[in-house]
Amino acid sequence: MKILLYGIPAETAGRIAARHGFEVTASLDEKGGAAGAMLAIPPIASPGQLLSLYNTLITREDEIDAVIVGEANHCDAYDTIRYGSPQGKFFTLSGDEETLEYEFERIVESLLGLLCAHEGI
């Protein structure tokens, strides 16, 4: 399982990854832990980086199980990530750090089959 993260604090991603046997990786090509990998996308600084990310999202959509964006501020990166994400696999989180971690945890638990989606994300 591969989950892409954008705008999620590194500490939060690390805690969730450790809790569920994921590894935080730097590339979609890296193999993850027992459960898979979480790819933390660094902040987008240029149009070229944004285009590269969009192309990755489009061409590798079968490998991506979820795209989770924290604190969406409707910048170009947010809109491009949302548009390029596989249908039904895009999640936006907001709120303070505790709320963000709770929502993130629920999404991962749902993806792993540990929580039924109707139980509320």
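The values are calculated or read from the model by the stated rules, or taken from the named source; none is laboratory data. Everything quoted here is computed from the prediction, not taken from an experiment. Backbone-built Cβ (ideal geometry, glycine too); neighbour counts: all protein chains shown. In case anyone asks, the SASA skips ligands and DNA or RNA and just uses the protein heavy atoms, side chains included. Shrake-Rupley method; radii C 1.70, N 1.55, O 1.52, S 1.80 Å.
On a 0 to 90 degree scale, rounded to 10, what angle separates helix 97-111 from the longest Cα axis of the chain? The answer is roughly 80 degrees. Taking amide hydrogens as placed 1.01 Å from N in the peptide plane, the amide H of L39 sits under 5 Å from those of I3, L4, L5, T25, each at least 5 positions away in sequence or on another chain.
Can you pull the percent of region 1-78's accessible area that's carbon plus sulfur, 1.4 Å probe, other chains left in place? Please report the intermediate quantities before stating the final value.
Values: 2130 of 4010 Å².
Looking at region 1-78 in its full context, I get 53 percent from C and S.
Per residue, how much accessible area does the chain show when a 1.4 Å probe rolls over the protein heavy atoms, in square angstrom? Don't skip to the answer; put the middle values down first.
On the way: 6600 Å² over 121 residues.
Here the residues of the chain average 55 Å² of exposed surface.
Tell me the net charge near F90. Cut-off is 13 Å between Cβ atoms, F90 excluded, with +1 for each Lys or Arg and -1 for each Asp or Glu.
Working: positive: R82, K89; negative: E61, D65, D79.
So the environment of F90 carries a net charge of -1.
Tell me, what is the percent relative contact order of region 1-119, built from C-alpha pairs under 8 Å that lie six or more residues apart? Don't skip to the answer; put the middle values down first.
Values: 166 pairs, mean separation 30.9, N = 119.
The value is 26 percent.
To the nearest ten degrees, helix 47-59 and the longest principal axis of the Cα atoms of the chain are 60 degrees apart. Around the amide H of L115, modelled in the peptide plane, lie the amide H atoms of S110, all under 5 Å away and 5 or more residues distant in sequence or on another chain.
Just to confirm a number: summing +1 for Lys and Arg and -1 for Asp and Glu over residues other than T25 whose beta-carbon lies under 11 angstrom from that of T25, what do you get? Spell out each step's value before the answer.
On the way: positive: K2, K31; negative: E23, D29, E30.
Charge balance near T25 sits at -1.
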